1. Keeping to segment 110-125, report how many residues are out of contact with any Gly (no Cβ under 7 Å at 6 or more places or on another chain) and open to solvent by less than 50 Å² (accessible area, probe 1.4 Å).
2. Do you know which residues across segment 70-84 are free of Cβ contacts under 8 Å to residues at least 60 places away in the same chain and of a type in the set (Gly, Ala, Ser)?
3. Does Ile99 fit the bill of being in a strand (DSSP E or B), β-branched (Val, Ile, Thr) and touching a residue at least 60 places away in the same chain (Cβ under 8 Å)?
Amino acid sequence: MQRRIWLPLLLIALVAAVYYEFGTVKTMEHDTVYSGPDIVVNPPQHSATSQRQAPRAASRLAVGARYASLDELVADQLAAGYLRTGYFGKHWPARVTEIAAGRDGISFRRQNGTRHNYTKFDGYSMKMVRLLAGSHETIVVFRLAEKR
């Protein structure tokens, strides 16, 4: 009798673990450049009569990019339209090793295996930037300043 109840519970736990592990977070491969909606890769050409708008500053954020401090990374992302939401670690200077993007929230694991979920950011694009200084990890989480 007790075995019958454990099988459905085990199945539910397995499905929940798979969902949380492979949810809506998109991880970008190494040696790629993040080019989200806030970065103008190929700006449109305007005619002389069209109204000109100043484009947002392009971010230099990419896997392999080096930042001397948290302030330098935050300033770079602020110019690209992102606000710092949280961070873990204070190891600088550091090199970007991973950039993950998510919508309405983001989830990731730290080097020590701890899972973190940023939820309740409905309407916002999110970014997680993982940096390494030697073997020490720093993670910074950003959200787009304006809703999509």
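1. Selection size over segment 110-125: 4.
2. Ala75, Ala79, Ala80
3. Here the answer is yes, as Ile99 does meet what is asked.
The rows are residues; the columns are (1) buried (at least 17 other Cβ atoms within 10 Å of the Cβ); (2) at pLDDT below 95.
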residue	(1), (2)
Ser69	no, no
Leu73	yes, no
Gly86	no, yes
Val96	yes, no
Lys127	yes, no
Arg130	yes, no
Ile139	yes, no
Lys147	no, yes
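The values are calculated or read from the model by the stated rules, or taken from the named source; none is laboratory data. This one's a predicted model, so the numbers in the text were calculated from it and none came from an experiment. Please note: Cβ atoms are built from the backbone with ideal geometry, for glycine as well, and neighbour counts cover all protein chains shown. We work out accessible area using only protein heavy atoms, side chains counted, and drop any ligands, DNA or RNA first. Shrake-Rupley method; radii C 1.70, N 1.55, O 1.52, S 1.80 Å.
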